[in-house]
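Data block below; observations after.
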């Protein structure tokens with residue numbers, strides 16, 4: 001789960017969830033829901049496959065914005081669950097740090113004592129560093145994938161429940177469209193927007209009330225998902241052509 005990862009993986013999820021909510025709300029209000037291509041009943045004519053389905057829009061005329069990523073992280077539920085995930089992943093982070101420290105120690109030993117070791121001892125140390133580095137790299141990759149999967153699950157779970165709140169608020173306040181500003185231009189087509197039409201805070205407040213999750217005990221900025229990025233040390237390449245001293 002990092003911010004760039006969430007943005008790339010969940011962009012489609014945001015669009016899909018809100019689109020589904022818009023269609024559902026439109027149907028409940030009595031609006032027509034586009035039929036699936038080829039669907040027909042005894043009293044209707046099958047729709048033409050080449051006719052594009054109508055895009056659901058709200059009854060208002062304003063265009064609003066929301067930072068979906070910020071809304072999820074800033075919600076009481078998001079702060080609680082991401083903080084809990086961070087604590088859950090801390091032991092693994094500490095384990096990786098210990099492995100990293102060990103590698104750095106061996107690398108330093110090679111750099112400071114390598115020219116004093118005989119050929120066999122030096123080769124053994126180099127082999128030990130390479131073996132531990134491969135193991136460490138695999139552990140880091142596994143930890144990153146596990147953290148990202150758990151971050152994604154939390155984000156999608158909260159977004160699934162937040163999407164109807166966004167739609168309801170937009171309808172009640174006269175918006176015809178809400179666009180997500182989580183990605184800056186040019187990663188998204190939104191070049192500029194004013195703060196006046198941003199509904200992020202309003203949606204967070206409404207969602208907090210609906211979820212019933214209390215605010216975190218300690219005031220402060222909403223926590224971000226654990227990065228889970230640890231850089232493996234690179235041991236100095238041994239000069240095998242040098243005669244041992």
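The values are calculated or read from the model by the stated rules, or taken from the named source; none is laboratory data. Remember, it's a predicted structure, so these values are computed and weren't measured experimentally. Every residue, glycine among them, receives a Cβ derived from its backbone with ideal geometry; neighbour counts consider all protein chains shown.
Tabulated data for the structure shown
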item	result
Long-range neighbours under 9 Å by Cβ, at least six apart or interchain, first residue at positive phi and modelled with pLDDT under 95 within the range 162-179, second surrounded by fewer than 19 Cβ atoms within 10 Å (Cβ to Cβ) and in a strand (DSSP E or B)	174/62
Filter result for residue 136 (surrounded by 18 or more Cβ atoms within 10 Å (Cβ to Cβ), under 26 Å from the mean Cα position of the chain (by Cα) and farther than 30 Å from residue 167 by Cβ)	yes
Residue within the range 98-113 that is in a loop (DSSP other than H, G, I, E, B) and either modelled with pLDDT of 95 or more or under 30 Å from residue 173 (Cα atoms) (or both) present	no
Residue under evaluation residue 120, criteria (1) surrounded by fewer than 18 Cβ atoms within 10 Å (Cβ to Cβ); (2) farther than 29 Å from residue 217 by Cβ; (3) in contact (Cβ under 8 Å) with a residue 12 or more places away in the chain, criterion not met	(3)
